[in-house]
Amino acid sequence: MDPGDYDAWYNSARGSWILAREWRLLRRLLRLGAGHRVLDVGAGTGRFTALFDGAGFIPVGAEPDRSMRAFAARRYPYLGWVGADARALPFRKGSFDGVLAVTSLCFVPEEERSLAEMLRVSRAPVVVGLLNRHSLLHRRKAGRGGYRHARWHSPGEARALAHRACPGCRVRVRTAIWLPGGGLLARLVEGLLSNRLPGGGFLALAIEPS
Ligand SMILES: C[S@@+](CC[C@H](N)C(=O)[O-])C[C@H]1O[C@@H](n2cnc3c(N)ncnc32)[C@H](O)[C@@H]1O
């Protein structure tokens, strides 16, 4: 995927709306604040990494794809960028206050191993954004464009994955983006529904040792 094309989508009306809704949910799930050190796994062009920086966190972006990473580092040279694969993160146990991965684990073949790695390097919550197979987004986008190679999870599968990677952990499952078009009705619906309801295309998990 061309980083410029990928990143440009976030500038569209729909892309910027989705970015804002996902960011809102991820922040709430992470339950950390300014000054905390966070790792963004599969950071892509760094959109979420930069949002963390803007909110006062100390983020590091981990991204294996050279062109994506170069794009992110060019745009946000003041942030830390590491060439790293989610399956073997080059950090010591507990290096970060929190770790997140936004729609990146759905592209990694060994998702359970990757999640275990994220839990290893995090002192507290691990937050993961996935794609919900039980959603309108799946019906509209699965197998197409940037979603072509993505794995889609049901909320139950996502929860089971989290428990396999971290037996005994507390897992919260939330969703957002019920109407993926991003028009007026979608925005209205999004404002009215609770993230506890299933069916949103964006499936977010928070995993915390209990
Ligand atoms: C859809 S993009 C998401 C990028 C960014 N998190 C965002 O939400 O804009 C998926 C990202 O996962 C990355 N990725 C793919 N395989 C990976 C792996 N094994 N470890 C870490 N990241 C990976 C890709 O390079 C890509 O940047």
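For Arg87, work out the one condition from (1) touching a residue at least 40 places away in the same chain (Cβ under 8 Å); (2) within 14 Å of the ligand (Cβ to nearest atom) it doesn't fulfil.
(1)
Taking the options Thr49, Thr45, name whichever one is part of a loop (DSSP other than H, G, I, E, B), out of contact with any Cys (no Cβ under 7 Å at 6 or more places or on another chain) and either of a type outside the set (A, V, I, L, M) or modelled with pLDDT under 95 (or both).
Thr45
Wholly within the stretch 70-169, which strands (runs of 3 or more DSSP E) include no fewer than the required count, namely at least 3 residues that are crowded, with 19+ Cβ neighbours inside 10 Å?
Result: 98-102, 126-131.
Look at the stretch 188-210 and say how many of its residues are in contact (Cβ under 8 Å) with a residue 40 or more places away in the chain and part of a loop (DSSP other than H, G, I, E, B).
7
Let me spell it out: the conditions are (1) aliphatic (A, V, I, L, M); (2) at pLDDT below 95; (3) in contact with a Gly (Cβ under 9 Å, 6 or more places away or on another chain), and Ala142 meets all of them except one. Which number is the exception?
Unmet condition: (3).
For every residue, the table says whether it meets (1) of a type in the set (A, V, I, L, M, F, W, C); (2) farther than 19 Å from Phe48 by Cα; (3) near the ligand (Cβ under 9 Å from one of its atoms).
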site: Leu100; (1), (2), (3): yes, no, yes
site: Glu112; (1), (2), (3): no, yes, no
site: Leu115; (1), (2), (3): yes, no, no
site: Arg123; (1), (2), (3): no, yes, no
site: Gly129; (1), (2), (3): no, no, yes
site: Ser135; (1), (2), (3): no, yes, no
site: Arg139; (1), (2), (3): no, yes, no
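So is Arg123 out of contact with any Gly (no Cβ under 8 Å at 6 or more places or on another chain) and of a type in the set (Lys, Arg) or not?
So Arg123 fails the test.
Which of the residues belonging to the stretch 170-187 are out of contact with any Ser or Thr (no Cβ under 9 Å at 6 or more places or on another chain) and assigned to a loop (DSSP other than H, G, I, E, B)?
Leu179, Gly181, Gly183
Pairs only if they're at least six apart or on different chains, beta carbon under 6 angstrom, first in the stretch 103-125 and within 18 Å of Glu22 (Cβ to Cβ), second within 8 Å of the ligand (Cβ to nearest atom) and in a helix (DSSP H, G or I); list them, first residue then second.
Leu105/Ser114
May I ask you to verify whether Arg144 is within 14 Å of Glu208 (Cα to Cα) and either more than 16 Å from the ligand (Cβ to nearest atom) or without any contact (Cβ under 8 Å) to a residue 24 or more places away in the chain (or both)?
no
Among Ala8, Ala13, Ala55, which is within 13 Å of the ligand (Cβ to nearest atom) and not charged (D, E, K, R)?
Selected residue: Ala8, the only one of Ala8, Ala13, Ala55 that is within 13 Å of the ligand (Cβ to nearest atom) and not charged (D, E, K, R).
The values are calculated or read from the model by the stated rules, or taken from the named source; none is laboratory data. A quick note: this is a predicted structure, and the numbers were derived from the prediction, not measured. Cβ: placed from backbone, ideal geometry, glycine included. Neighbour counts: every protein chain shown.
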